[in-house]
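Q: Sharing a structure below in structure tokens format, with a few things to ask.
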Amino acid sequence: MLHVLAITAVVLAAANVVALASLIGMRVQLRVDEKRRAQLEARVADSALALVDGRSIESLTRDEQRALAAVLARYARLVRGDARKNIAAYFERSPAYADAIRSVTALYAWRRASAAFALGDMAVEASIPALIDALDDKDRDVRAAATRSLGRLGAVEAVEALTQMLATAAVPQQIVATALLQMGERALPRLTALLATDDLRVRASATQLVGLLGTAADSHELIERLGDPAAEVREQAAIALGRVGVRSAGAELLAMLDDRVGFVRAAAATALGAIGDRAAVPALVAMAASDLFEPAHAAAHAVLAIDPNEAAVVSGSPQLDEVADLAAVLR
Amino acid sequence: MSDDAVTILVCDDDPDIRALVTYRFETAGYRIVAAGDGPTAIELAFSESPALAVLDVMMPGMSGMEVTRRLREDPRTERMPIILLTSRSLDKDVTSGFDAGADDYVTKPFSPQELLHRARAILGRR
């Protein structure tokens with residue numbers, strides 16, 4: 001018995017040594033690879049800068065081309081205008097782009113995701129259709145990578161598909177929102193067109209995005225959404241109007257304080273606070289004194305935002321007492 | 001580059017941005033002194049007397065705004081033109097930059113060519 005235990009201990013110790021040695025070997029190999037990559041990138045640095053500047057370069061080895069692609073992908077995130085166009089022109093003729101376009105439909109999900117991610121940094125607009133197709137991929141990482149890349153490429157033709165992704169949470173919402181925000185106001189006409197779509201989740205997401213990207217000029221469409229049959233859309237419309245800061249929407253928002261749904265009333269109260277509508281103060285005080293917790297809390301804080309002096313003297317509910325205390329501190 | 005080339009100070013903690021700006025200005029005939037952080041940029045501004053500085057706003061330690069304020073406080077650099085390179089484009093951030101003493105700003109992602117044109121325009125006015 002003792003003999004068996006001794007042999008087992010020796011075997012386990014040997015296995016440990018082998019595992020440790022292989023870990024050290026892998027670590028050393030990683031360091032070597034890292035060093036080699038840094039050396040290659042340093043070697044192609046001038047070529048990368050010349051390409052960004054629109055100059056031609058001498059031919060490179062395969063390894064140097066890979067290093068150049070990595071450097072240019074980093075540069076593509078930093079520059080715009082002609083510099084970005086020059087990077088796109090290089091990639092369009094490069095083996096790296098051809099490989100990425102092939103790989104975006106590869107068998108393994110990690111390859112598809114890597115390719116979809118890489119395409120966003122190559123700045124080649126011709127890759128947009130392949131990336132829009134990748135939004136329907138069965139793998140969430142691929143969809144997320146394609147979403148991020150479409151934002152990097154400023155692909156407004158993907159606005160409808162991306163808003164759908166936001167509405168259905170097919171991709172983490174922050175990634176979709178970031179992609180759409182990167183497109184900026186160029187995305188607005190397509191988003192505004194989605195405000196009247198049948199799918200209430202898409203309408204709500206589009207309303208939210210118009211609020212993030214839009215200006216006072218978009219208030220008419222947002223005011224119309226205050227009458228939407230879906231409470232989620234009315235809530236987003238109120239938040240959006242508060243964000244774009246349109247005082248002329250005060251009357252419509254004031255009417256929303258009587259909405260049958262509490263979170264809509266709360267959003268309307270917050271929006272009135274954001275636009276600083278003094279005419280709404282009596283209604284907000286009454287709401288803060290009598291409504292459910294969430295709308296009452298929003299109404300009380302709206303009073304504080306509009307008129308700190310009024311907020312300092314109000315009372316009648318825990319929410320109003322809280323803002324009175326806050327107003328006293330802020331004085 | 002000639003010996004009497006105009007000197008530009010570039011300060012950004014991102015080496016890629018330093019490389020891009022340096023290349024664009026050097027190929028246009030300027031001499032570049034580059035720094036990766038605020039304190040080094042201030043030292044170079046005093047020792048090299050650059051004609052213009054391009055400063056990143058968001059840097060660890062000392063921000064570009066703070067560098068701008070310090071350069072404005074010193075008689076040696078109080079009139080040196082400064083362009084801020086920033087990923088922020090909100091009105092209040094732009095206003096803060098001008099309040100700190102900057103002459104112009106360029107938002108990231110940036111166009112190296114546009115940055116060069118802006119620098120030339122400022123230098124031409126001086």
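Q: Within 10 Å of each Cβ of B:110-119, how many other protein chain Cβ atoms are there on average?
A: Counting Cβ atoms of other protein chains within 10 Å of each residue's Cβ and averaging gives 3.
Q: For peptide A:43-50, how many partner chain Cβ atoms fall within 10 Å of a residue's Cβ, on average?
A: Average per residue, whole number: 3.
Q: Now for a separate question. How would A:His301, B:His117, A:His3 line up from fewest to most surrounding beta-carbon atoms within 10 angstrom?
A: The most exposed by this proxy come first: A:His3, B:His117, A:His301.
Q: Related question: Please give the calculated 222 nm ellipticity per residue for chain B, where each DSSP H segment of at least 4 residues contributes -39500 (n - 2.57) and the sum is spread over every residue; nearest 500 deg cm²/dmol?
A: Calculated mean residue ellipticity at 222 nm is -14000 deg cm²/dmol.
Q: Can you tell me the mean projection area, over all orientations, of the convex hull of the stretch A:127-240's alpha carbons? Units nm², please.
A: Its Cα hull, projected and averaged over all orientations, spans 6.3 nm².
Q: If you average 1/r across every pair of different Cα atoms in the stretch A:1-73 and take the reciprocal, what Kirkwood value do you get, in Å?
A: The answer is 15.7 Å.
Q: For the stretch A:61-203, state the average projected area of the convex hull of the C-alpha atoms over all orientations, rounded to one decimal in nm².
A: 8.5 nm²
Q: Sorted from fewest to most neighbouring beta carbons within 10 Å, what does the list A:Leu181, A:Leu284, A:Leu12, A:Leu68 look like?
A: Ranking A:Leu181, A:Leu284, A:Leu12, A:Leu68 by Cβ neighbours within 10 Å, fewest first, gives A:Leu12, A:Leu181, A:Leu68, A:Leu284.
Q: Looking at the stretch B:7-94, which GluC sites (Glu not before Pro) are in a loop (DSSP not H, G, I, E or B) and have at most 15 other Cβ atoms within 10 Å?
A: Listed in order of number, the matching sites are B:Glu78.
Q: Hey, another quick one. Give the order of A:Met287, B:Met65 when sorted by the count of other beta carbons within 10 angstrom, beginning with the fewest.
A: Exposure proxy ranking, most exposed first: B:Met65, A:Met287.
Q: Still on this structure, I have one more. How big is Rg to Rh over the stretch A:63-145, alpha-carbon atoms, Rh as the Kirkwood inverse-mean-distance radius?
A: Radius of gyration relative to Kirkwood radius: 0.97.
Q: Have a look at the stretch A:215-261 and give its Rg and Dmax from the Cα atoms, expressed in angstrom.
A: When restricted to the Cα atoms of the stretch A:215-261, Rg and Dmax are 9.6, 28 Å.
Q: Also, I was wondering about something else. If you look at just the Cα atoms of chain B, how large are its Rg and its Dmax in Å?
A: 13.0, 41
Q: Which one, A:Ala240, A:Ala298, A:Ala280, is farthest towards the positive end of the dipole of the protein assembly as shown when Lys and Arg carry +1 and Asp and Glu -1 on their Cβ?
A: Sorting the options by dipole projection puts first A:Ala240.
Q: Two decimals, Cα atoms only, Kirkwood Rh: what is Rg/Rh over the stretch B:26-83?
A: 0.94
Q: Something else about it: Given just the C-alpha atoms of the protein assembly as shown, how large is their convex hull per residue in cubic angstrom?
A: It comes to 267 Å³ per residue, whole-number rounded.
Q: What percent does the relative contact order of chain A come to when contacts are Cα pairs within less than 8 Å and at least six residues apart?
A: Relative contact order here is 7 percent.
Q: Rank by packing, highest mean first: peptides A:33-41, B:8-16, with packing defined as the count of other Cβ atoms within 10 Å averaged across residues.
A: B:8-16, A:33-41
Q: Turning to a different aspect of this structure: Reachable aspartates and glutamates from A:Lys138, Cα under 13 Å, same-chain residues fewer than 8 places away excluded?
A: Result set, ordered by chain and number: empty.
Q: Taking the Cα atoms of the stretch A:197-326, what is the range of coordinates along each of the three principal axes, in descending order and whole Å?
A: 45, 26, 20
Q: Between the helical axis of A:82-92 and the dominant principal axis of chain A, each derived from Cα atoms, what acute angle in degrees is found, rounded to the nearest 10?
A: With both axes taken from Cα atoms, the answer is about 50 degrees.
Q: Hey, what did the stretch A:249-305 get for relative contact order, percent, Cα under 8 Å, at least 6 apart?
A: 37 percent
Q: Could you work out the mean projected area of the convex hull around the alpha carbons of the stretch A:109-169, in square nanometres to one decimal?
A: So the Cα hull casts an average projection of 3.5 nm².
Q: Moving on to the next point. What average number of partner chain Cβ atoms lie no more than 10 Å from the Cβ of the residues making up A:78-90?
A: Neighbouring Cβ atoms belonging to other protein chains average 4 per residue here.
Q: Ok, one more. Counting only C-alpha contacts under 8 Å and six or more residues apart, can you give the relative contact order of the stretch A:121-187 as a whole percent?
A: Rounded, it is 33 percent for the stretch A:121-187.
Q: Which trypsin sites (Lys or Arg not before Pro) from the stretch A:127-160 combine a DSSP loop assignment with at most 16 other Cβ atoms within 10 Å?
A: A:Lys138
Q: If each DSSP helix of 4+ residues adds -39,500 (n - 2.57) and the sum is divided by the residues in chain A, what number results at 222 nm, nearest 500 deg cm²/dmol?
A: Value at 222 nm, helices only: -23500 deg cm²/dmol.
Every number in this text was worked out from the coordinates using simple rules, so none of it is lab data. None of these values were measured; they are calculated from a predicted model. Here the Cβ is made from the backbone with ideal geometry for all residues, glycine too, and neighbour counts use every protein chain on show.
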